[in-house]
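First up is the structure itself, then whatever we jot down about it.
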Amino acid sequence: MPLVQTVQAYRFALDVTPAQERALLTHAGAARVAFNWSLARVKAVLDQRSAERSYGVAEELLTPVSGWSLAALRRVWNAEKGVVAPWWREVSKEAFNTGLDTLARGLKQWDDSRRGQRAGRRVGFPRFKSRHRSTPSVRVRRVPPATRL
């Protein structure tokens, strides 16, 4: 008998004050920054590998891919966040994790789709998130006591 796992999620409409709205938008912006920065790094590595292939570089000598998993993206982000986002202490680490997790899932869906391991329509490569065109979003597992809304 297969194990059946159920996941339950809730979506709430919040009635926030202007200060709370700014805080939420700051966290959503932090998620977008982490997503876009990590996506730029992934694209740079893929472009570099493509250029190396065009020059006839052997497959084993191509620029290594550090990985697209959440853990790999988080490792690179944590090493560089002080330079990329010097304000990183002002927001929850969950905000950055949201952006990195969204990118890791998008890259996995794209890769599975490209290899034919994913059911359904083909999935395109993740796109950069715009400050003005994207809907601000951030996921939180829990709200710390100091920032309760």
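Data overview
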| read-out | value |
| --- | --- |
| Binned Cα-Cα distance frequencies in the chain - 10 Å width, integer % | 10, 31, 33, 18, 7, 1 |
| Ranking of Leu103, Leu46 by count of other Cβ atoms within 10 Å, fewest first | Leu46, Leu103 |
| Nearest-0.05 FRET efficiency for Leu14 and Ala71, computed from C-beta distance (R0 30 Å) | 0.45 |
| Neighbour-count ranking [beta-carbon atoms within 10 angstrom, fewest first] of Ser69, Ser54, Ser113 | Ser54, Ser69, Ser113 |
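Since every read-out is calculated from the coordinates, none of them should be taken as a lab result. It should be emphasised that the depicted structure is a prediction, and the values quoted were computed from it without experimental measurement. Every residue, glycine among them, receives a Cβ derived from its backbone with ideal geometry; neighbour counts consider all protein chains shown.
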